[in-house]
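Since every read-out is calculated from the coordinates, none of them should be taken as a lab result. This structure is a prediction, so every number in the text was calculated from the model and none was measured. Virtual Cβ from ideal backbone geometry, glycine too; neighbours counted across all protein chains shown.
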Amino acid sequence: MESRSVVVIGAGPSGAVASALLKRRGHDVVVLERQQFPRFSIGESLLSHCLDFLEEAGMLEAVQAAGFQFKNGAAFAWGDKRAEFDFGQKFTNGKDSAFQVQRGRFDKLLADEAAKQGVEIRYGVDVVDVKTDDDGATLTTVDEGGKTSQIHAKFMLDASGFGRVLPRLLELDSPSAFPVRHAVFTHIEDRIDDPSFDRNKILITVHPERRDIWYWLIPFADGRASIGAVAVKEYFESDPPDAEVRLRRLVSEDPGLSKLLANAVWDTPAREIGGYSANVRAMHGPTFALLGNAAEFLDPVFSSGVTIAMRSSSLAASVLDRQLRGESVDWEADFAVPLKKGVDTFRAYVNAWYDGRFQDVIFHTNEQSDVRKMICSILAGYAWDQKNPYVSEPQRRLNVLVELCAPN
């Protein structure tokens with residue numbers, strides 16, 4: 001049986017970053033990826049904090065040279081209301097910009113960069129069973145040709161994203177507190193000719209009548225864009241099963257978005273995903289830790305998924321490095337607790353977005369500049385900055401801000 005120090009399940013952003021960080025520290029690591037790259041994925045609008053982890057993993061220079069769409073912030077629209085946040089005008093010291101990326105190309109770039117650093121990545125390998133023991137875990141895998149193999153690892157990092165390999169195989173899943181929502185999305189040739197449209201920002205549009213329904217429009221560097229909508233599952237029940245019909249019907253319900261995309265070419269089959277919010281009973285154990293979406297996925301509204309994934313990779317790689325060197329570590333105190341601080345910050349603002357309270361804050365016209373900078377830091381991904389009062393006390397501070405910004 002093959003034996004390795006670390007097996008990383010999944011070669012997406014969290015797997016690529018975690019494996020590179022471990023390899024850079026001199027550890028034996030192999031990545032098992034079920035799919036072949038490039039492959040389609042959503043989560044295309046990065047936050048500034050992502051670049052910190054790409055830099056740590058030695059990948060930032062390659063990403064900067066790849067020609068992805070520059071991103072300097074986020075724009076919000078609701079009827080005739082508009083709001084913009086520029087990441088260069090934030091409270092937290094850090095990166096002032098990010099990128100908007102086609103994830104197929106972006107994820108392959110990161111995986112290739114990890115491989116250049118010596119990480120072994122095996123594509124087309126599915127992990128179908130895991131058995132833990134006193135010395136680690138034995139993973140049973142099946143490749144694309146149907147061949148079954150086993151590999152023993154001292155430790156496993158699950159970076160499988162929505163595949164959630166270890167939560168399924170180790171029965172770690174726990175119900176999410178979020179309502180079941182549904183996302184429908186596609187890529188288009190956007191042909192936007194409105195000079196007021198800023199391609200350097202993601203555009204988040206609130207449905208004109210249903211404040212719990214929203215749209216994303218993420219421009220790419222090649223004249224294309226990602227367009228999607230999120231609503232509770234029940235909103236789609238009367239629609240035909242065709243995902244593009246559903247999406248185009250939703251876009252038609254917003255006059256501003258319809259006008260913006262009047263000349264768009266819908267040339268890619270639409271996709272949909274439902275019930276994506278997830279949680280687990282434990283984020284780590286004696287032989288494993290869960291990274292990014294494999295542990296918990298909140299909601300796509302603030303594009304926090306990749307940031308949380310990369311943050312979890314950085315934390316896990318640091319703890320695991322010390323463990324493999326024989327040091328005593330505390331995964332709860334050094335990994336789970338600090339990671340959850342940022343996740344809980346995002347969670348507070350996601351909840352307040354859907355009940356409309358944070359939307360009132362976003363579209364408030366007289367917001368104080370220092371408060372705006374603090375909110376901008378969270379939107380830029382710096383949800384772990386305890387110097388930011390809206391991070392250290394997210395719920396209390398948000399409640400006070402909501403009262404100040406509530407419409408008369």
**Study point:** Entries in 154/387; 71/340; 90/233; 154/233 that, when Cα-Cα distance is taken, lie over 30 Å
**Key:** 154/387; 90/233; 154/233
Point to revise | Within the chain, longest stretch free of exposed GluC sites (Glu not before Pro) [DSSP loop, at most 10 other beta carbons within 10 Å] | key: 1-170
Exercise for review: Describe numerically, in nm with one decimal, the distance between label points set 7 Å from Cα along Cα→Cβ at residue 337 and at residue 281.
Suggested key: 2.3
Exercise for review: Would you calculate, for the chain, the mean residue ellipticity at 222 nm contributed by helices, counting each DSSP H stretch of 4 or more residues as -39,500 (n - 2.57) and dividing by all residues, to the nearest 500?
Suggested key: -9500 deg cm²/dmol
Review point. Restricting the count to DSSP beta bridges whose residues both fall in the chain, what percent are antiparallel, rounded to a multiple of 5?
Key: 70
Review point. Classify the stretch 181-274: rounded, prolate or oblate, from the alpha-carbon gyration tensor (a ≥ b ≥ c, eigenvalue square roots; a/c under 1.5 rounded; otherwise prolate if a/b is larger than b/c)?
Key: prolate
**Study point:** Total formal charge among the other residues, if their Cβ is under 15 angstrom from that of residue 210, Lys/Arg +1 and Asp/Glu -1
**Key:** -3
Study note, to complete from the structure: Lys and Arg at +1, Asp and Glu at -1: neighbours of residue 253 with Cβ under 14 Å from its Cβ sum to +2
Revision key, fill the gap. Here the percent of antiparallel bridges among DSSP beta bridges lying wholly in the stretch 44-202, to the nearest 5, is 90
Practice item. Kindly write out, for the stretch 58-64 in residue order, the coupling ³J(HN,Hα) from the Karplus curve 6.51 cos²θ - 1.76 cosθ + 1.60 (θ = phi - 60°), rounded to whole Hz, with x marking Gly and Pro. Key: x, 10, 5, 4, 5, 5, 5
Review point. For the stretch 352-405, what is the convex hull volume of its Cα atoms per residue in Å³?
Key: 74
Review point. What does the charge add up to near residue 36, with Lys and Arg as +1, Asp and Glu as -1, over the other residues with Cβ less than 10 Å from its Cβ?
Key: +1
Practice item. Give the calculated FRET efficiency between residue 234 and residue 197 to the nearest 0.05, with a Förster radius of 35 Å applied to their Cβ-Cβ distance. Key: 0.65
Exercise for review: Return the loop-located trypsin sites (Lys or Arg not before Pro) in the stretch 108-148 (DSSP other than H, G, I, E, B) with at most 13 other Cβ atoms within 10 Å of their own Cβ; answer none if there are none.
Suggested key: 147
Practice item. Quote to one decimal, in nm, the extra length available between residue 171 and residue 82 on full extension: 0.36 nm per residue of separation minus the C-alpha distance between them. Key: 27.6 nm
Point to revise | Cβ-Cβ FRET estimate between residue 134 and residue 55, R0 fixed at 30 Å, reported to 0.05 | key: 0.20
**Study point:** Global form of the stretch 15-72, assessed from the alpha-carbon gyration tensor, a/c cut-off 1.5
**Key:** oblate
Point to revise | DSSP-assigned coil residues among trypsin sites (Lys or Arg not before Pro) in the stretch 302-357, each with at most 16 further Cβ atoms within 10 Å | key: 325
Exercise for review: Considering Cα pairs under 8 angstrom that are at least six residues apart, work out the relative contact order of the stretch 299-408 and quote it in whole percent.
Suggested key: 28
Review point. Once fully extended, how much extra length lies between residue 66 and residue 105, figured as 0.36 nm per residue of separation less the alpha-carbon to alpha-carbon distance?
Key: 13.1 nm
Study note, to complete from the structure: Label model pair residue 189, residue 40: point-to-point distance (7 angstrom along the Cα→beta-carbon line) in nm is 1.8
**Study point:** Cα gyration tensor shape of the stretch 77-224, rounded if a/c is under 1.5, else prolate or oblate by comparing a/b with b/c
**Key:** prolate
